[in-house]
Amino acid sequence: FEVSSFDTSSVTIMYYMFYICSGLTILDVSSFVTSAVTNMYQMFYNCSGLTSLDVSSFDTSSVTNMSAMFNNCSGLTSLDVSSFDTSSVTNMTNMFLNCSGLTSLDLSSFDTSSVTNMQEMFKSSTGLTSLDLSSFDTSSVLYMTNLFANCTSLTSLDVSSFDTSSVLYMSYMFYGCSVLT
């Protein structure tokens, strides 16, 4: 599936772009210009056949919605989102839900100060053994329901810096985290 020649320089909305493309095993989006994009909702939702995905060159400075962006990308064993500018993002719901192939995830550069919804962000990402979220600013977050639910391989998790003063819902936040010490 050849998309590397797409001119995306004027595109503002990329939601559902590769929605349920579970048969895709290779996808080259490394040349995508995303500086105008504001919405990446479910962009790679259920691309379970992908074993690698290069989004390291994505300019996400205008994006406000990353909800379910990588939801059910269960075939990915690594994902580099360290260059993502998330300062405008308000919704990260289901962003990495069921990314069961991922064993690690570097989110140290994520600016979450505008995020209000983190529901199920890491739910059922059963390959993750640890998560460093010490840089997360959660002061605006209202919803944390199922945030780490069924992360059955998580052994360590530092949420001591989380400001939960605005949170309305945090039910089942650690549900099924059976090896968390």
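The values are calculated or read from the model by the stated rules, or taken from the named source; none is laboratory data. Just so it is clear, the model here is predicted, and its values are computed rather than measured. Don't worry about glycine lacking a Cβ; one is built from the backbone with ideal geometry, like all the others, and counts go over all protein chains shown. These area figures cover heavy atoms from the full protein model, side chains too; ligands, DNA and RNA do not enter into them. Shrake-Rupley method; radii C 1.70, N 1.55, O 1.52, S 1.80 Å.
Just to be sure, is S166 within 22 Å of S88 (Cβ to Cβ), surrounded by fewer than 16 Cβ atoms within 10 Å (Cβ to Cβ) and without any contact (Cβ under 8 Å) to a residue 60 or more places away in the chain?
Answer is yes for this residue.
Suppose the filter is within 22 Å of G176 (Cα to Cα), in a loop (DSSP other than H, G, I, E, B) and open to solvent by 40 Å² or more (accessible area, probe 1.4 Å); does N98 pass it?
When the stated conditions are applied, N98 passes them.
Any idea how many residues of the stretch 148-163 are in a loop (DSSP other than H, G, I, E, B) and either without any contact (Cβ under 8 Å) to a residue 12 or more places away in the chain or acidic (D, E) (or both)?
The number of residues fulfilling the criteria is 1.
Please give the number of the condition D54 fails out of (1) within 28 Å of F174 (Cβ to Cβ); (2) touching an Asp or Glu at 6+ places or on another chain (Cβ under 8 Å); (3) open to solvent by 30 Å² or more (accessible area, probe 1.4 Å); (4) of a type outside the set (S, T, N, Q).
(1)
For L157, work out the one condition from (1) of a type outside the set (S, T, N, Q); (2) crowded, with 17+ Cβ neighbours inside 10 Å; (3) at pLDDT 95 or above it doesn't fulfil.
Condition (3) is where L157 drops out.
From (1) open to solvent by less than 50 Å² (accessible area, probe 1.4 Å); (2) under 26 Å from Y41 (Cα atoms), pick out the condition that doesn't hold for Y175.
All conditions pass for Y175, except number (1).
Residues are listed down the side, and each one gets a yes or a no for (1) open to solvent by less than 10 Å² (accessible area, probe 1.4 Å); (2) in a loop (DSSP other than H, G, I, E, B); (3) modelled with pLDDT under 95; (4) over 22 Å from C151 (Cβ atoms):
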site	(1), (2), (3), (4)
Y45	no, yes, no, no
L50	yes, yes, no, no
T60	yes, yes, no, yes
S82	no, yes, no, no
D85	no, yes, no, yes
V89	yes, yes, no, no
S114	no, yes, no, yes
G127	no, yes, no, no
